[in-house]
Every structure is written in C-alpha cells, then in structure tokens.
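Peer 1: Quick one: structure below, then a few questions.
The values are calculated or read from the model by the stated rules, or taken from the named source; none is laboratory data. What you see is a predicted model, and the numbers here were worked out from it, not measured in a lab. Here the Cβ positions follow ideal geometry from the backbone for every residue, glycine too, while neighbour counts run over all protein chains shown. Only protein heavy atoms, including side chains, enter the accessible area calculation; ligands, DNA and RNA are left aside. Shrake-Rupley method; radii C 1.70, N 1.55, O 1.52, S 1.80 Å.
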There are 2 protein chains.
Amino acid sequence: MANISILGLGAMGQALATRFLQREHRVTVWNRTPGKAASLIAQGARERNSAAEAIAASDVTVICVLDYGAAGSVIDAAASILSGRALVNLTNGTPAQARATAKRVAELGAEYLDGGIMATPPMIGGEHALILYSGSRATFDAHADSLEALGAANYLGADPGLASLHDLALLSGMYGVFAGFFHATALVDSEGIRSDSFLRLLGPWMAAMMGELPGYAQKIDSGRHGVNVVSNLGMQAASLENILTATREQGVATDLLEPMLELFRQRASAGFGHEDISGIFELMRRTRPGSRVPSGRAKPAGAP
Amino acid sequence: MANISILGLGAMGQALATRFLQREHRVTVWNRTPGKAASLIAQGARERNSAAEAIAASDVTVICVLDYGAAGSVIDAAASILSGRALVNLTNGTPAQARATAKRVAELGAEYLDGGIMATPPMIGGEHALILYSGSRATFDAHADSLEALGAANYLGADPGLASLHDLALLSGMYGVFAGFFHATALVDSEGIRSDSFLRLLGPWMAAMMGELPGYAQKIDSGRHGVNVVSNLGMQAASLENILTATREQGVATDLLEPMLELFRQRASAGFGHEDISGIFELMRRTRPGSRVPSGRAKPAGAP
C-alpha cells in the first residue's frame, strides 16, 4: 500500500481521500482552513498542520484546490522540501497554467504530473469516472495503480498542458450538447410540450446525429470539406436561418445558436457554400506557424 | 396498392417517389421545371404536365418543394380541383407557415397533413429515417401504411404546426451537438491533435453526458432548478469562463460557446448561482399568457 497525501479537502478532495482510504492506502491530508478532516480522520487518515508537512509524509502528493492561484501558494509554501518529491495536480485550470506550474515545480527539483478529473465527486471510484493525465511519465507509471482507484487513468503525453487541454475540450463538447438540448426544449415548450416527453424523441435523435461526427472529423483532418457532401453548407445555412426565424416567432430566445449561423454565413460568403458545414472549422481553428492561413477566418489567432 | 402523386422532384422528392415505386404503388409525378422525371418514368412512374392534373390522378398527394412559397403556388394553381383531396406537405418550413397553409387548404375543401422529414434523401426508406406528421388525423390514418414505407411515421397531433415545430427543435439539438464537437475539436487541434483520434475520447464522453438530460428535463418540467444540484451554476460559470479563456489562449475562436456563458452570468446575477444550470431555460423560454414571468429574462417574447 502507498503513502499518499491529499492537499485540499473540498468536495472533490474529500472524495479522492475517501477512495484512497477505501483501498487501504496510508492517507495524509491537509486543508488551508482547518475542520474539514474530521470524517477522513475517522476513516483512518492523518492530518498535518502545513502543506510542507503533508508533502513530506508521503511518496506522492495529490493537490486538488480551488484554482492554480491556490495551488501556487501551496507549492511556494512547501518549496524548501519539494526536491525529489512527486506532485499530482488535479486542480482545474488551463493548459498555460499547467505548463507554468510544471516549470516552477521542475525548478524546485520535483516531478510534476498534471491531471483533469472528468467526473463529479460522487462519481469518483465508479465505473464512469475518467481522469486524464499529462506531464511526468515516471510519476504516472510509478503511481498508476493507486490512481486507477479514482477512475480510469488516461495518460496523454509529456506536455503537462495536454490533460487540461483535453479536459476543457471535453467539457466544451458537453456544453454544446446542453446548448442543443436547451434550445430544442425551449422551442417545443413554447407550445406547452413537456421536456421529459420531448426528450424521448430528442435523446435518440441527438445520439443518432453523433454518427455524423466521424465524417466531419475526416474532413477536418484532410482539410477537404468538399467531398461526400450530402447537405451542403448553403442549404444548412438556410435551414438554420429557418430554425432561428421559427424560434423568434415562437417567442423563444435564439442566443445559443446565433453564432453557428453567423459562421455558416461567413463561410458561405467566402465561397464555400457548396462544401460541408465542417468548413466552419477553418474559421475557428488556430493558425499555427507553417500551416496555411485559412480563408475567411473569424478572428485573428489569439484575439479576445 | 395506392395511387400517390409527388409534386416536386428535387433530391428528396425523387427519393420519396423512388421508394413508393419500390413498394409497387401507382406513382404520378410533377415538377415545375421539366426534365426531372426520366429515371422515375423508367421505374414506372407517370408524369403529368400540371400540379392540378397530378393531384387529380391520385388518392393522396405528397408535396415536397423548395419552400412554403413554392408550395403555396402549387396549391393556388390547383385550387379549383382540391375539394375532397388529401395533401401531405413535407416541404421544410416553420410552424406558422404550416398553420397558414393548413387554413388555406381547409378553405379549399381539402384535408391537410403537414410533415417534417428527419432524414437525408439517401436515408429514405431506411431504418434510421423518421418522419413527423401533424394535422389531419384522418389523412394520416388513411395513408399511414403507405407513408411508413418512407420511414418511421410519428403523428404528433391535430395542430398542423407541431410536425414543423418538432422538426426544427430536433435539428436545433443536432446543431448543438455539432457546435460542441467543432469547439472541442478546434481546441485540441491547436496542439496538433487529430480530430479522428480525439473523437475516440470525445464521442463516448458526449454520449455519456447525454445522461444528464433527463435530470435537466425534470427540473425544467417542475420549474425547480434548486433540487439535486451537484455542480451549481456559479461553479459551472467559472468552469465555462475558464474554458473560454483557455480557448482564447490557444488562439481558437470562442464564438460558439460565448452565449451560454452569457446566459450563465445573467442567471447568476439574478441570484440563481446556487441552483442548477437548467435555470437558464427560464431566460430562454416563451412567456405564455397565464404563466409566471421568469426573472432575468434574456429577451422579451418575440424580440428579434
């Protein structure tokens, strides 16, 4: 059994610590404000009075605090004892924050693994929990068995920003699903149709439409948006305009889908109305050094 | 076998006619501009020189033209012979257009069934094709067997606007799925990750997140967004803001998800940050006579 420390005892930190205790690891905990450890101590955890003491107590330390500002404070406070330690930072943040933290930790002589938790606290340890990792491969390999107890552990690469990048990308996909659901449901609600009843039609339909995604992925990867086009962008722009007109006529807010129509129009105006809607990807994507500059780009790279 | 006429021989009209011919119905076709019927005639269809002649030749007529303007022209041209006929209009349009057309057809003494085709032309007659109907129940019942040949036939009610309403709502749900996919994929593309490779992670994740929809539907139907909240709107607003910040840092356009963050902020500002994100529904939905006025509404009902 491993010695594992947990820094941060919010709902997620408590869930992580509980799961490690269930697997009979030796768990040491610390929280910035006291009084959060009682139930964990009752389950066998030991509490320390400082982050440095907690880190020093274990082979590996999991950090799960409010944000990277809080994570940075923890690391600074323990700077003098970090050399040779392994940190696994599961705090929510951006790829840039993960990379900056990895750099700081490396300067202090410690190993750094960043992670993104694709689960809510009650899901931790369950079959649907997924945790993405990137950064120190050695740390991942050394502790993969312990980490698997929290959820399926997926290592994405040495760049410490990759876990956060994938985490945020998956969440953005989820918010698209939710946006479609809210718009669709508000539209039928305008005639008094219940959401749960409509969902019996909408759910299978949305699941079926996910079958279109591999085709779009292929067009994105090849950059060829004009092949195998069934319903072209010009036709779909007309269809989406029709949807938003009807939405307004029904007295429902069109906000969530307006930007997609705007991207359809921009791409059609640039002469790509006969191609597939996957062409709007060229308006959204980053222009990388050495890549061709997409025509009709929505915004310059990095513009707010 | 039935006598069926098809008005409009675009890609969808041709697919409908072909499917009826495969089922050995007696098919009569007409198109505004000539020269579209050759392959259908070779399969046994008869062509007529006017919409009125085609309507007069069959028990039931399916209209599938460019838009409701074109459908209206067809109906006007055949006004004198419509009495006692049955029309099934599968033209794309809005609920308001469907209702206006139903009124006009009723004045001419004919039965009117409106429909929305949830399929592309190649899908017609296949197991995944779905066609929604509303309007004349008598027409639906009399011709359901024939119509089932095109795809699963789902009758939604006597209001002729319901099929179009559900059609547009389902499509809006689909566009939400696509928006989430495009945003998520552009985010990982910023680090050179291929779309097809990322989709192996994104696809199952989006499918899993659809499991949240029944819970949101329940909150919408009950109007109680504060029960069983796992991750509240305030936390999710911070999370979505983090996603959009990272998206900008990666040089990727944030357009598709900005309105959702704006709705989260509006709802949080109105004092509902501790409730679930389903609360944004109250900002989007139509305010119906007799219903309570939602607080913090995004737009007045019917505003463009």
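Peer 1: Confirm whether residue A:172 is touching a residue at least 24 places away in the same chain (Cβ under 8 Å) and either of a type in the set (Phe, Trp, Tyr) or crowded, with 21+ Cβ neighbours inside 10 Å (or both).
Peer 2: Numbers: touching a residue at least 24 places away in the same chain (Cβ under 8 Å): no; either of a type in the set (Phe, Trp, Tyr) or crowded, with 21+ Cβ neighbours inside 10 Å (or both): yes.
Against the criterion (touching a residue at least 24 places away in the same chain (Cβ under 8 Å) and either of a type in the set (Phe, Trp, Tyr) or crowded, with 21+ Cβ neighbours inside 10 Å (or both)), residue A:172 does not qualify.
Peer 1: In the range A:99-114, what count of residues is obtained for those that are under 20 Å from residue A:30 (Cβ atoms) and open to solvent by 70 Å² or more (accessible area, probe 1.4 Å)?
Peer 2: 2
Peer 1: Touching a strand residue (DSSP E or B) at 6+ places or on another chain (Cβ under 6 Å), assigned by TED's automatic domain parsing to the domain that holds residue B:150, modelled with pLDDT under 95 and under 22 Å from residue B:138 (Cα atoms): does that describe residue B:114? Can you show your working first?
Peer 2: Working: touching a strand residue (DSSP E or B) at 6+ places or on another chain (Cβ under 6 Å): yes; assigned by TED's automatic domain parsing to the domain that holds residue B:150: yes; modelled with pLDDT under 95: no; under 22 Å from residue B:138 (Cα atoms): yes.
Spelling it out, it is not the case that residue B:114 is touching a strand residue (DSSP E or B) at 6+ places or on another chain (Cβ under 6 Å), assigned by TED's automatic domain parsing to the domain that holds residue B:150, modelled with pLDDT under 95 and under 22 Å from residue B:138 (Cα atoms).
Peer 1: Restricting to helices (runs of 4 or more DSSP H) lying wholly in the range B:211-283: which have 3 or more residues that are more than 30 Å from the chain's Cα centre (by Cα) and modelled with pLDDT of 95 or more? Even if it seems obvious, please write down each step before you answer.
Peer 2: Numbers: elements: B:213-222, B:233-249, B:258-267.
Filter on the range B:211-283 gives B:233-249.
Peer 1: Mind checking which pairs have a first residue in the range A:184-198 that is more than 7 Å from chain B (Cβ to nearest Cβ) and a second that is open to solvent by 10 Å² or more (accessible area, probe 1.4 Å) and at pLDDT below 95, Cβ under 9 Å, 6 or more apart or different chains?
Peer 2: Hits for this filter: A:192/B:288.
Peer 1: Does the range B:245-261 hold any residues that are in contact with an Asp or Glu (Cβ under 7 Å, 6 or more places away or on another chain) and more than 7 Å from every other protein chain (Cβ to nearest Cβ), and which are they?
Peer 2: The answer is B:261, and nothing else.
Peer 1: Which pairs turn up if I take residues in the range A:265-280 that are farther than 22 Å from residue A:218 by Cβ and look for partners that are open to solvent by less than 20 Å² (accessible area, probe 1.4 Å) and in a helix (DSSP H, G or I) with beta carbon separation below 8 Å, at least 6 apart in sequence or on another chain?
Peer 2: Here the result reads A:265/A:237; A:266/A:280; A:266/A:283, each pair linking the range A:265-280 to a residue that is open to solvent by less than 20 Å² (accessible area, probe 1.4 Å) and in a helix (DSSP H, G or I).
Peer 1: Which residues, counting only those in the range B:92-104, are within 26 Å of residue B:3 (Cβ to Cβ) and at pLDDT 95 or above?
Peer 2: B:98, B:101, B:102, B:104
Peer 1: Regarding the range B:50-64, can at least one residue be identified that is modelled with pLDDT under 95 and either open to solvent by 70 Å² or more (accessible area, probe 1.4 Å) or within 25 Å of residue B:140 (Cα to Cα) (or both)? So that I can check it myself, show each step before the final result.
Peer 2: Narrowing the range B:50-64 to residues modelled with pLDDT under 95: B:59.
From the residues that got through so far, the ones that are either open to solvent by 70 Å² or more (accessible area, probe 1.4 Å) or within 25 Å of residue B:140 (Cα to Cα) (or both) too are B:59.
There is at least one residue in the range B:50-64 that is modelled with pLDDT under 95 and either open to solvent by 70 Å² or more (accessible area, probe 1.4 Å) or within 25 Å of residue B:140 (Cα to Cα) (or both).
Peer 1: Suppose we filter the range B:124-150 for residues that are part of a strand (DSSP E or B) and either among the acidic types (Asp, Glu) or more than 9 Å from chain A (Cβ to nearest Cβ) (or both); how many remain? So that I can check it myself, show each step before the final result.
Peer 2: Taking the range B:124-150 first, the residues part of a strand (DSSP E or B) are B:130-135.
When the remaining residues are screened for being either among the acidic types (Asp, Glu) or more than 9 Å from chain A (Cβ to nearest Cβ) (or both), the result is B:131, B:133-135.
Within the range B:124-150, residues that are part of a strand (DSSP E or B) and either among the acidic types (Asp, Glu) or more than 9 Å from chain A (Cβ to nearest Cβ) (or both) number 4.
Peer 1: For the range B:4-11, state whether one or more residues are open to solvent by 30 Å² or more (accessible area, probe 1.4 Å) and either farther than 16 Å from residue B:85 by Cβ or touching a helix residue (DSSP H, G or I) at 6+ places or on another chain (Cβ under 8 Å) (or both). Spell out how you get there, then give the answer.
Peer 2: The first filter runs over the range B:4-11 and keeps only residues open to solvent by 30 Å² or more (accessible area, probe 1.4 Å), leaving B:10-11.
Keeping just the survivors that are either farther than 16 Å from residue B:85 by Cβ or touching a helix residue (DSSP H, G or I) at 6+ places or on another chain (Cβ under 8 Å) (or both) gives B:10-11.
Scanning the range B:4-11 turns up at least one residue that is open to solvent by 30 Å² or more (accessible area, probe 1.4 Å) and either farther than 16 Å from residue B:85 by Cβ or touching a helix residue (DSSP H, G or I) at 6+ places or on another chain (Cβ under 8 Å) (or both).
Peer 1: Next up: Collect the residues in the range A:1-26 that are over 25 Å from the mean Cα position of the chain (by Cα) and touching a residue at least 24 places away in the same chain (Cβ under 8 Å), keeping them in residue-number order. Talk me through it step by step, then tell me what you get.
Peer 2: Taking the range A:1-26 and keeping what is over 25 Å from the mean Cα position of the chain (by Cα), we get A:1-3, A:21-26.
Hits for the range A:1-26 are A:1, A:2, A:3, A:21, A:22, A:23, A:25, A:26.
Peer 1: If we scan the range A:151-162, do we find a residue that is at the interface with another protein chain (Cβ under 9 Å from one of its Cβ atoms), closer than 20 Å to residue B:174 by Cα and open to solvent by less than 10 Å² (accessible area, probe 1.4 Å)?
Peer 2: No.
Peer 1: Would you mind stating whether residue B:193 is within 30 Å of residue A:116 (Cβ to Cβ) and buried (at least 24 other Cβ atoms within 10 Å of the Cβ)?
Peer 2: When the stated conditions are applied, residue B:193 does not pass them.
Peer 1: Within the range A:210-269, restricting attention to residues that are among the charged types (D, E, K, R) and under 14 Å from residue B:176 (Cβ atoms), which residue is most open to solvent (accessible area, probe 1.4 Å)? Steps first, answer last, please.
Peer 2: In the first step, residues of the range A:210-269 are kept if they are among the charged types (D, E, K, R); the result is A:212, A:219, A:221, A:224, A:241, A:248-249, A:255, A:258, A:262, A:265, A:267.
Right, trim to under 14 Å from residue B:176 (Cβ atoms) and you get A:212, A:255, A:258.
Details: A:212: 81, A:255: 33, A:258: 58 Å².
Looking at residues that are among the charged types (D, E, K, R) and under 14 Å from residue B:176 (Cβ atoms), I get A:212.
Peer 1: In this structure, is residue B:70 over 26 Å from residue B:168 (Cα atoms) and surrounded by fewer than 21 Cβ atoms within 10 Å (Cβ to Cβ)? Reasoning before the result, please.
Peer 2: Working: over 26 Å from residue B:168 (Cα atoms): no; surrounded by fewer than 21 Cβ atoms within 10 Å (Cβ to Cβ): yes.
So residue B:70 fails the test.
Peer 1: crowded, with 24+ Cβ neighbours inside 10 Å and in contact with a Pro (Cβ under 6 Å, 6 or more places away or on another chain) - does that describe any residue in the range B:79-98?
Peer 2: Yes, the conditions are met somewhere in the range B:79-98.
Peer 1: Would you check if residue B:213 is touching a residue at least 40 places away in the same chain (Cβ under 8 Å), farther than 25 Å from residue A:96 by Cα, at the interface with chain A (Cβ under 7 Å from one of its Cβ atoms) and not hydroxyl-bearing (Ser, Thr, Tyr)? Break it down stepwise before answering.
Peer 2: Details: touching a residue at least 40 places away in the same chain (Cβ under 8 Å): no; farther than 25 Å from residue A:96 by Cα: yes; at the interface with chain A (Cβ under 7 Å from one of its Cβ atoms): yes; not hydroxyl-bearing (Ser, Thr, Tyr): yes.
No: the conditions fail for residue B:213.
Peer 1: Going by the structure shown, is residue B:158 among the small types (Gly, Ala, Ser) and outside any helix (DSSP H, G or I)? Spell out the reasoning first.
Peer 2: Details: among the small types (Gly, Ala, Ser): yes; outside any helix (DSSP H, G or I): yes.
In short, yes.
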